[in-house]
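Q: Okay, here's the structure, questions in a sec.
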Amino acid sequence: MKQANALLGTWWGRALYYLLTGTAISVIALINGYPLVYSDSGTYIMNAFALEQIEDRPIGYGLIIHAITWKATLWTVVLFQGAVTSWLLMLLVRSTIVEVGHWLKFHLVLLAVLIVGTSLPWYAAQIMADVFTPLVMIIVFLLYNGSVKGNTRNIALWLLLFFFLAAHNSHFPILLGLQAMLLAAHVIGRRVFVVSRDRFWSKWWSVNVVAMGAALMIVLFNFAPYGQFRLSRASNAFLAGRLCEDDIMADYLNATCDERPHPLCAYKDRLPADALNGFLWSDTGFVRGEGLSLAQADSVLAPLVSDLLGRPEYAVRYALSMVRSTGQQVLQWETGAGLHAYGEGTSPHAHLWWRLPHEKAAYEGAMQQRGVWADLSGWNRLVGAVLLVSILAIAAVVVLRFRSLTSMHWALMAWVASWLLLNAFVTSSLSIVDSRMQSRVVWLVPMIAVFLVVATLSTKRSVVGPEEATLDPAHT
């Protein structure tokens, strides 16, 4: 271990370490024989090569892919996702663990648990922006509470926050909710989220400015070619689909179609229970049934959605529906949704064939394209068991060994709990209840459990804040 610490004292040693551990995090891609793809992966590949933003996907992830693929391979994408995850987790370890000499060992133990028993490696191995959702939380936590020293590392954190936020539209409302919680806690004088109140306002405003900058970039990518100053040119289409749940849209149309005719009225007796797949993507749904693009459907549906939500009886029903769906979503944890084969006629296949023809053989020969990952029930039993043990371990430490926890541990627990709830609320309220959208962040729970269990084994009990943490010679 001493030799390993010495190796991390050099820049090339650190680069090698994060490359190797990042490869381990993305190991599923190696096992698969090619990076995993999802139905939306083709869109992101198109965004990366054409640098054009389509209706329902922001440009951020496309820019990331564009910057690190050299338009040559998707392998660098999953390696980057794994390496940056490893680096951020090390920064979190350094900011939370008191004993300097144990940082490397703890980091390796943490990675082993997350790789073997959580959803993390499956998301790190995919060409999808979902891998960045929990990383946004870790970055913001480090900016508020971390002991990150050095201009280079701090600049890297702010740049990663900018582009990771712009990688998925859900990141903005989730972060907005978290920032509101931080503000409320600060105003009432509670330190549940932020260990030190020093420079709170500068941090809070800086995060807001970066978020507004990322949002502005997306808006400008919509405005330049389409003349629409909006974050998404499909938001009303998605929301209309979501309002089909709990018969909200059906009841509204039955009550208003006679006085306010609308193209959707023709579908009022056959609106789908599945808010998105049946409404947006089905050949018999409204969008495809009317031969509309998402942007065209958005324009058609915008007045209807606005009028519906402007009526108190339907707004209240939607609010109650959001509470119900949030409760359902927060309990989702299964990994592997949508990891079936994507052959001819699918978006991933078409865009990869067009943009990266030299990787056809690897794509076709991958285990995913042979249907190996279509059923991950065995893996999900393991993930479920690890999750259950993690929850029990967290409860046991909090109840029995709470004196072993530092203020950083309590803050990290508050952040993770809030992030899980906000992710569930935003994704289920604006889209659908989907195991994929919650399993992308649920690996944060075993991460917390490892931190807390290690804390109970530590001989030091001092409360450590960001200003008190000691740096090791490696300057990780």
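The values are calculated or read from the model by the stated rules, or taken from the named source; none is laboratory data. Computed from a prediction, not measured in an experiment: that's the story for all the values here. Ideal geometry is used to build each Cβ from the backbone, glycine not excepted, and the neighbour counts take in all protein chains shown.
Q: F223: more than 30 Å from C265 (Cα to Cα), at pLDDT below 95 and among the aromatic types (F, W, Y), yes or no? Give the steps one after another, and end with the answer.
A: Values: more than 30 Å from C265 (Cα to Cα): yes; at pLDDT below 95: yes; among the aromatic types (F, W, Y): yes.
Answer is yes for this residue.
Q: With the condition kept exactly as written, say whether any residue in the range 119-136 is part of a helix (DSSP H, G or I), touching a helix residue (DSSP H, G or I) at 6+ places or on another chain (Cβ under 9 Å) and of a type in the set (D, E). Full working, then the answer.
A: Just the residues of the range 119-136 that are part of a helix (DSSP H, G or I), to begin with: 120-124, 129-136.
When the remaining residues are screened for being touching a helix residue (DSSP H, G or I) at 6+ places or on another chain (Cβ under 9 Å), the result is 120-124, 129-136.
Subsequent filtering for residues that are of a type in the set (D, E) retains 130.
Scanning the range 119-136, I find at least one residue that is part of a helix (DSSP H, G or I), touching a helix residue (DSSP H, G or I) at 6+ places or on another chain (Cβ under 9 Å) and of a type in the set (D, E), so the answer is yes.
Q: Only one of (1) crowded, with 19+ Cβ neighbours inside 10 Å; (2) closer than 30 Å to S95 by Cα; (3) among the aliphatic types (A, V, I, L, M) fails for L301. Which number is that?
A: Answer for L301: the failing condition is (2).
Q: Further question: Restricting attention to the range 1-51, and to residues there that are more than 22 Å from the chain's Cα centre (by Cα) and outside any helix (DSSP H, G or I), which single residue is modelled with the highest pLDDT?
A: G33
Q: So which of L400, L412, L405 is farther than 26 Å from Y144 by Cβ and not polar (S, T, N, Q)?
A: L400
Q: Here's something else I'd like to know. Looking at the range 371-379, is at least one residue assigned to a helix (DSSP H, G or I) and closer than 20 Å to S39 by Cα? Walk me through how you get there before you give the answer.
A: Within the range 371-379, the first condition is being assigned to a helix (DSSP H, G or I), and the residues that meet it are 377-379.
Imposing the further condition that a residue be closer than 20 Å to S39 by Cα reduces the set to none.
No: zero hits.
Q: Next question. Going by the conditions given, is L114 touching a Ser or Thr at 6+ places or on another chain (Cβ under 7 Å) and within 20 Å of I25 (Cα to Cα)?
A: Values: touching a Ser or Thr at 6+ places or on another chain (Cβ under 7 Å): no; within 20 Å of I25 (Cα to Cα): yes.
For L114, the condition - touching a Ser or Thr at 6+ places or on another chain (Cβ under 7 Å) and within 20 Å of I25 (Cα to Cα) - is not met.
Q: Among the residues of the range 99-106, are any under 20 Å from M408 (Cα atoms) and either outside any helix (DSSP H, G or I) or hydroxyl-bearing (S, T, Y) (or both)? Don't jump to the end; show me each part of the working.
A: Filtering the range 99-106 down to residues under 20 Å from M408 (Cα atoms) leaves 99-106.
Still in the running and either outside any helix (DSSP H, G or I) or hydroxyl-bearing (S, T, Y) (or both): 99.
Yes, that holds for at least one residue.
Q: Can you confirm whether the range 108-118 contains a residue that is within 30 Å of N236 (Cβ to Cβ) and not in a loop (DSSP other than H, G, I, E, B)? Spell out the reasoning first.
A: Filtering the range 108-118 for residues within 30 Å of N236 (Cβ to Cβ) gives none.
No, every residue in the range 108-118 fails to be within 30 Å of N236 (Cβ to Cβ) and not in a loop (DSSP other than H, G, I, E, B).
Q: Is at least one residue of the range 53-66 assigned to a loop (DSSP other than H, G, I, E, B), among the aromatic types (F, W, Y), over 27 Å from V389 (Cβ atoms) and touching a residue at least 12 places away in the same chain (Cβ under 8 Å)? Please lay out each step first, then the result.
A: First, the residues of the range 53-66 that are assigned to a loop (DSSP other than H, G, I, E, B): 53-59.
From what is left, the residues that are among the aromatic types (F, W, Y) are none.
Looking for residues that are assigned to a loop (DSSP other than H, G, I, E, B), among the aromatic types (F, W, Y), over 27 Å from V389 (Cβ atoms) and touching a residue at least 12 places away in the same chain (Cβ under 8 Å), one finds none in the range 53-66, hence no.
Q: A further question follows. Got a sec? Which of L239, L253, L220 is among the hydrophobic types (A, V, I, L, M, F, W, C) and touching a residue at least 24 places away in the same chain (Cβ under 8 Å)? It would help to see each step written out before you state the result.
A: On the way: L253 fails: touching a residue at least 24 places away in the same chain (Cβ under 8 Å); L220 fails: touching a residue at least 24 places away in the same chain (Cβ under 8 Å).
Result of the check over L239, L253, L220: L239.
Q: Which condition does L400 not pass, out of (1) crowded, with 18+ Cβ neighbours inside 10 Å; (2) closer than 30 Å to M137 by Cβ; (3) in contact with a Ser or Thr (Cβ under 9 Å, 6 or more places away or on another chain); (4) not charged (D, E, K, R), if it passes all the others?
A: Status for L400: all satisfied but (1).
Q: Looking only at helices (runs of 4 or more DSSP H) that fall completely inside the range 385-459, which ones have 2 or more residues that are within 24 Å of A234 (Cα to Cα)? Step through it out loud before you land on a result.
A: Working: elements: 407-430, 435-439, 444-457.
The qualifying helices (runs of 4 or more DSSP H) are 407-430, 435-439.
Q: Please give the helices (runs of 4 or more DSSP H) falling wholly within the range 279-367 in which 1 or more residues are free of Cβ contacts under 8 Å to residues at least 12 places away in the same chain and under 20 Å from M128 (Cα atoms).
A: Working: elements: 286-289, 294-309, 312-330, 347-355, 360-365.
Answer list for the range 279-367: 347-355, 360-365.
Q: Spot the failing condition for A393; the list is (1) closer than 21 Å to R436 by Cα; (2) of a type in the set (G, A, S); (3) surrounded by 14 or more Cβ atoms within 10 Å (Cβ to Cβ), and only one is missed.
A: So the condition that A393 fails would be (1).
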